[in-house]
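What follows is a set of notes on a single structure, which appears directly below.
The values are calculated or read from the model by the stated rules, or taken from the named source; none is laboratory data. Given the structure is predicted, the values throughout are model-derived calculations rather than measurements. Positions of Cβ are generated from backbone atoms using ideal geometry, with glycine treated the same way; all protein chains shown enter the neighbour counts.
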């Protein structure tokens, strides 16, 4: 099986930068996804990392280190609408995704 | 991106009744769809893999006789919660593949089930 760990909750200030970490233990995987989920809604795709390194997409960036079993999602210029849960998930080749517990981010004025 | 719909978006039912939830891929064909369940403040847990034209594959601990899955066409999978009880109250989300990444999943909007 896979163990995926994320902080349960984080708080940050509007306009700031926040980094959400994800550590995992798995025997192998194709890639790592980050999804955003607002309360009561379905997850929406943010990023997909296959190779080690940083993938940048506008205000959001995601980093992967396979040797360290570690990923992070970096959110810049935080906005109030970024308050949501952020889910780290592994693509294990089964086509279904294995999700971490998610990190609830609260952006404050 | 691809669009996946679910119906109904929410349902309230009495204990002991059965509830059917539909998941449709609107602009692509999905030979495989996935059903997840999410309890409050918890992450998504995979319940089963729905395969078009064949039996669903259930995750360990999920009762296949209680959660009936039918994938009769390439655009529709249904999940029926039979003899629902309050502990089945949850957020049920389906997903289908076909995205930018080889295994990216597009999620439906979810169905909130409340069993009284």
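Of all residues in the stretch B:13-71, which are buried (at least 21 other Cβ atoms within 10 Å of the Cβ), assigned to a loop (DSSP other than H, G, I, E, B) and touching a residue at least 60 places away in the same chain (Cβ under 8 Å)?
B:30
Out of A:62, A:27, which single residue is under 27 Å from residue B:37 (Cβ atoms), out of contact with any helix residue (DSSP H, G or I) (no Cβ under 8 Å at 6 or more places or on another chain) and exposed (fewer than 12 other Cβ atoms within 10 Å of the Cβ)?
Details: A:62 fails: exposed (fewer than 12 other Cβ atoms within 10 Å of the Cβ).
The conditions single out A:27.
Quick check, is residue A:47 surrounded by 15 or more Cβ atoms within 10 Å (Cβ to Cβ) and either part of a loop (DSSP other than H, G, I, E, B) or away from chain B (no Cβ under 12 Å) (or both)? Break it down stepwise before answering.
Working: surrounded by 15 or more Cβ atoms within 10 Å (Cβ to Cβ): yes; either part of a loop (DSSP other than H, G, I, E, B) or away from chain B (no Cβ under 12 Å) (or both): no.
So residue A:47 fails the test.
For the stretch A:88-109, give me each residue that is touching a residue at least 60 places away in the same chain (Cβ under 8 Å), surrounded by 20 or more Cβ atoms within 10 Å (Cβ to Cβ) and more than 16 Å from residue A:13 (Cβ to Cβ). Let's see the steps before the verdict.
Of the stretch A:88-109, the ones touching a residue at least 60 places away in the same chain (Cβ under 8 Å) are A:88-93, A:97-109.
Filter once more, keeping what is surrounded by 20 or more Cβ atoms within 10 Å (Cβ to Cβ): A:88-91, A:97-100, A:102-103, A:105, A:107.
Hits for the stretch A:88-109 are A:88, A:89, A:90, A:91, A:97, A:98, A:99, A:100, A:102, A:103.
Quick check: anything in the stretch B:26-39 more than 21 Å from residue A:41 (Cα to Cα), touching a strand residue (DSSP E or B) at 6+ places or on another chain (Cβ under 7 Å) and either away from chain A (no Cβ under 14 Å) or modelled with pLDDT of 95 or more (or both)?
Checking the stretch B:26-39: not a single residue is more than 21 Å from residue A:41 (Cα to Cα), touching a strand residue (DSSP E or B) at 6+ places or on another chain (Cβ under 7 Å) and either away from chain A (no Cβ under 14 Å) or modelled with pLDDT of 95 or more (or both).
Quick one: which of A:101, A:62, A:71 is closer than 25 Å to residue B:109 by Cβ and either modelled with pLDDT of 95 or more or in a strand (DSSP E or B) (or both)?
Details: A:101 fails: either modelled with pLDDT of 95 or more or in a strand (DSSP E or B) (or both); A:71 fails: closer than 25 Å to residue B:109 by Cβ.
A:62 is the lone residue from the list that is closer than 25 Å to residue B:109 by Cβ and either modelled with pLDDT of 95 or more or in a strand (DSSP E or B) (or both).
Residue under question is residue A:33, and the condition is that it be surrounded by 18 or more Cβ atoms within 10 Å (Cβ to Cβ) and over 30 Å from residue B:48 (Cβ atoms); does it hold? Explain how you work it out, then say what you get.
Values: surrounded by 18 or more Cβ atoms within 10 Å (Cβ to Cβ): yes; over 30 Å from residue B:48 (Cβ atoms): no.
No; evaluated as a whole, the condition is false for this residue.
So which residues in the stretch B:72-85 are part of a loop (DSSP other than H, G, I, E, B), surrounded by fewer than 20 Cβ atoms within 10 Å (Cβ to Cβ) and at pLDDT 95 or above, if there are any at all? Walk me through it before giving the result.
Restricting attention to the stretch B:72-85, the residues satisfying the condition of being part of a loop (DSSP other than H, G, I, E, B) are B:74-75, B:82-85.
So of that shortlist, the ones also surrounded by fewer than 20 Cβ atoms within 10 Å (Cβ to Cβ) come out as B:74-75, B:82-83, B:85.
Passing the criteria: B:82, B:83, B:85.
Please verify whether the stretch A:10-30 includes one or more residues that are more than 12 Å from chain B (Cβ to nearest Cβ), without any contact (Cβ under 8 Å) to a residue 40 or more places away in the chain and touching a strand residue (DSSP E or B) at 6+ places or on another chain (Cβ under 7 Å).
Within the stretch A:10-30, not a single residue is more than 12 Å from chain B (Cβ to nearest Cβ), without any contact (Cβ under 8 Å) to a residue 40 or more places away in the chain and touching a strand residue (DSSP E or B) at 6+ places or on another chain (Cβ under 7 Å).
Based on this model, can you work out whether residue A:55 counts as more than 19 Å from residue B:38 (Cβ to Cβ), modelled with pLDDT of 95 or more and either within 12 Å of another protein chain (Cβ to nearest Cβ) or part of a loop (DSSP other than H, G, I, E, B) (or both)? Before the answer, list the steps.
Working: more than 19 Å from residue B:38 (Cβ to Cβ): yes; modelled with pLDDT of 95 or more: no; either within 12 Å of another protein chain (Cβ to nearest Cβ) or part of a loop (DSSP other than H, G, I, E, B) (or both): yes.
It is false that residue A:55 is more than 19 Å from residue B:38 (Cβ to Cβ), modelled with pLDDT of 95 or more and either within 12 Å of another protein chain (Cβ to nearest Cβ) or part of a loop (DSSP other than H, G, I, E, B) (or both).
Filter the stretch B:92-106 for residues that are in a strand (DSSP E or B) and modelled with pLDDT under 90; which is surrounded by the fewest Cβ atoms within 10 Å (Cβ to Cβ)? Before the answer, list the steps.
If we filter the stretch B:92-106 for residues that are in a strand (DSSP E or B), which is where we start, we get B:92-96, B:106.
When the remaining residues are screened for being modelled with pLDDT under 90, the result is B:96, B:106.
On the way: B:96: 28, B:106: 23.
Applying the filter and picking the extreme gives B:106.
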